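Enquirer: Okay, here's the structure, questions in a sec.
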Amino acid sequence: MLYHALQQLQLLMSSEKRTSWLTFRLGMLAFSFSSIGVDHFLPYRSTELFSALNALKYDINLRPHILDVRGRGLMVGVEFASPPPPSSPTTSSPVPPTESVSDSGPGAHNASTPANMASRVAARCIEKGMLILTTSVYQVIRFIPPLNVSKADLAKGCQIFAEAVREVVKEG
C-alpha cells in the first residue's frame, strides 16, 4: 500500500498537467496513506475500547447499572439501566414501558440505577475534558473517537469515562 502511494506521488511530480490532475492525484495519495493508518490501528483500538468498556460492564459494583456495550469498530454505545422518564398526563413517554429488571436486554431498567444516568455521565466526562455524545431517547452514551486515536488518548478517555460512571452511581 505504501509503495502504491509513493508511486502516485512520483507520477504526480512528473506529470506535465499538474494543475488539472493535482486534486485527483493528491486525493488518491491521501486515501492511500489514510488506509494504511486505518487498517493498522483500527482493529487494535477497537479491541482496547471494547475491553475497557466490557470490564466496566462486568465490574461487580457497576453490573446492575450497565445493560449493554455494543457497536462496531470505534463506534460503540454503552446502555445504562436508568428508569424511563415518567410520562406526563398530556404527553406519552417516548420510551416504551419495561419491567424493572437489572439485566434483561435493551430497554430494560433497574430501579436502583440513577435517573438520567447517560446525560449525567456525559456531563461529568465533559467537566473532565472529554466530549461524548448521548442518544436522544434511550439511556445510551456513544463513543465515536477519531480513527487515528492514539493508545494513550484512548486509555485516558476510558479512564475518564470509568471515573464518571463510578461518581454518578455513588451519588445515586
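Enquirer: Non-local amide H neighbours of Phe143 (under 5 Å, H modeled in plane, Pro and chain starts lacking H): which ones?
Expert: Val76, Gly77, Val78
Enquirer: Quick one: net charge of Glu171's neighbours, Cβ under 13 Å, K/R +1, D/E -1? Could the numbers behind the result be given before it?
Expert: Values: positive: Arg120, Arg124, Arg166, Lys170; negative: Glu163, Glu167.
Taking every other residue near Glu171 into account, the sum is +2.
Enquirer: Continuing with this model, one more query. For the residues Glu167, Glu79, what sequence is obtained by ranking on other C-beta atoms within 10 Å, fewest first?
Expert: Working: Glu167 14, Glu79 22.
Fewest-to-most ranking of Glu167, Glu79: Glu167, Glu79.
Every number in this text was worked out from the coordinates using simple rules, so none of it is lab data. The structure presented is a predicted model; accordingly, all values stated were derived computationally and were not measured. Cβ coordinates were reconstructed from backbone atoms using ideal geometry, including for glycine residues, and neighbour counts include every protein chain displayed.
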